[in-house]
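Student: Please find one structure pasted underneath; my questions will follow.
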Amino acid sequence: MHMTDVLAAADISKAVAAFAAADSFNHKQFFVMCGLKAKSKDDMKKVFHILDKDQSGFIEQEELCLILKGFTPEGRNLSDKETTALLAAGDKDGDGKIGIDEFVTLVSES
Ligand SMILES: [Ca+2]
């Protein structure tokens, strides 16, 4: 499964380019721009599994830092500040990582 099986490559590139500047990442705008918010929950779950690189069932902080790279190799790493903010937005149960249902909620709320 590749990101481009779920999302259009052009939309991914556009969304990643929009947040190329350091500390500019806005997950709500990003999930709209890349087209993920408009997708089905099943597609959101496919994307979750791509971003969960070690297949642990969670997107941990290290994977969250690399979220843009998970969409395309052109993506940059998130800063510590951006990573912390994204984790805080998505981690509803406070376990320090994002589960699949939390991810679907995070995208759906965008
Ligand atoms: Ca993981």
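Student: Restricting the search to segment 72-88, which residues are touching a Lys or Arg at 6+ places or on another chain (Cβ under 9 Å) and either among the charged types (D, E, K, R) or modelled with pLDDT under 95 (or both)?
Tutor: ARG76
Student: Quick test of your reading of the structure: MET33 fulfils all but one of (1) surrounded by fewer than 18 Cβ atoms within 10 Å (Cβ to Cβ); (2) free of Cβ contacts under 8 Å to residues at least 40 places away in the same chain; (3) more than 11 Å from the chain's Cα centre (by Cα). Name the failing condition by number.
Tutor: For MET33, the failing item is (1).
Student: Can you name the residue in segment 64-99 that is under 17 Å from THR4 (Cβ atoms) and charged (D, E, K, R) and is also nearest to the ligand (Cβ to nearest atom) among such residues?
Tutor: Among residues in segment 64-99 that are under 17 Å from THR4 (Cβ atoms) and charged (D, E, K, R), the one nearest to the ligand (Cβ to nearest atom) is LYS69.
Student: Let me ask something else. Might you check whether a residue that is open to solvent by less than 70 Å² (accessible area, probe 1.4 Å) and farther than 24 Å from LYS14 by Cβ occurs anywhere in segment 76-92?
Tutor: yes
Student: Evaluate segment 3-17: report whether one residue or more is assigned to a loop (DSSP other than H, G, I, E, B), of a type in the set (Lys, Arg) and at pLDDT 95 or above.
Tutor: Residues of segment 3-17 assigned to a loop (DSSP other than H, G, I, E, B): 7-8.
Of the ones still in play, those that are also of a type in the set (Lys, Arg) are none.
There is no residue in segment 3-17 that is assigned to a loop (DSSP other than H, G, I, E, B), of a type in the set (Lys, Arg) and at pLDDT 95 or above.
Student: Six or more apart or on different chains, Cβ atoms under 6 Å: show the pairs whose first residue is in segment 48-63 and near the ligand (Cβ under 8 Å from one of its atoms) and whose second is open to solvent by 80 Å² or more (accessible area, probe 1.4 Å) and outside any helix (DSSP H, G or I).
Tutor: Matching pairs, first to second residue: GLU63/LYS53.
Student: Take the residues in segment 19-30 that are open to solvent by less than 50 Å² (accessible area, probe 1.4 Å) and either outside any loop (DSSP other than H, G, I, E, B) or among the aliphatic types (A, V, I, L, M) (or both), then tell me which one is nearest to the ligand (Cβ to nearest atom).
Tutor: Keep residues of segment 19-30 that are open to solvent by less than 50 Å² (accessible area, probe 1.4 Å), which gives 19, 24-25, 27, 30.
Now drop any that are not either outside any loop (DSSP other than H, G, I, E, B) or among the aliphatic types (A, V, I, L, M) (or both), which leaves 27, 30.
Working: HIS27: 18, PHE30: 20 Å.
The qualifying residue nearest to the ligand (Cβ to nearest atom) is HIS27.
The values are calculated or read from the model by the stated rules, or taken from the named source; none is laboratory data. Everything quoted here is computed from the prediction, not taken from an experiment. Cβ sites come from the backbone with ideal geometry, for glycine too, and all protein chains shown count toward neighbours. Just the protein is used for accessible areas: all its heavy atoms, side chains included, with ligands, DNA and RNA removed. Shrake-Rupley method; radii C 1.70, N 1.55, O 1.52, S 1.80 Å.
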